[in-house]
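Reading through the structure tokens given below for one structure.
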Amino acid sequence: MTDSSAPLGQCPSCDREIPAAWKIIEYDQGDGNTGVFAECPDCDAVVKPR
């Protein structure tokens, strides 16, 4: 599991940093990495932070 206080990354639409509190789901990818979907506080859209 990821650090719950670290930012999740940047929104691919508006480049805003997405805080960890905005995470919707965390999942295991087939390649062994962890994927995350979150809501962007600015766009109000569900995104995969980069």
Any hit, the stretch 22-31, residues being hydrophobic (A, V, I, L, M, F, W, C) and out of contact with any Phe, Trp or Tyr (no Cβ under 7 Å at 6 or more places or on another chain): yes
Breaking point among (1) at pLDDT 95 or above; (2) open to solvent by 50 Å² or more (accessible area, probe 1.4 Å), for PRO49: (2)
Tally of residues being open to solvent by less than 90 Å² (accessible area, probe 1.4 Å) and in contact (Cβ under 8 Å) with a residue 24 or more places away in the chain across the stretch 25-46: 8
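The values are calculated or read from the model by the stated rules, or taken from the named source; none is laboratory data. Note that this is a predicted model, so its numbers are computed, not measured. Methodologically, a virtual Cβ is constructed for each residue, glycine included, from the backbone with ideal geometry; neighbour enumeration extends over all protein chains shown. With ligands, DNA and RNA removed, areas are computed over all heavy atoms of the protein, side chains included. Shrake-Rupley method; radii C 1.70, N 1.55, O 1.52, S 1.80 Å.
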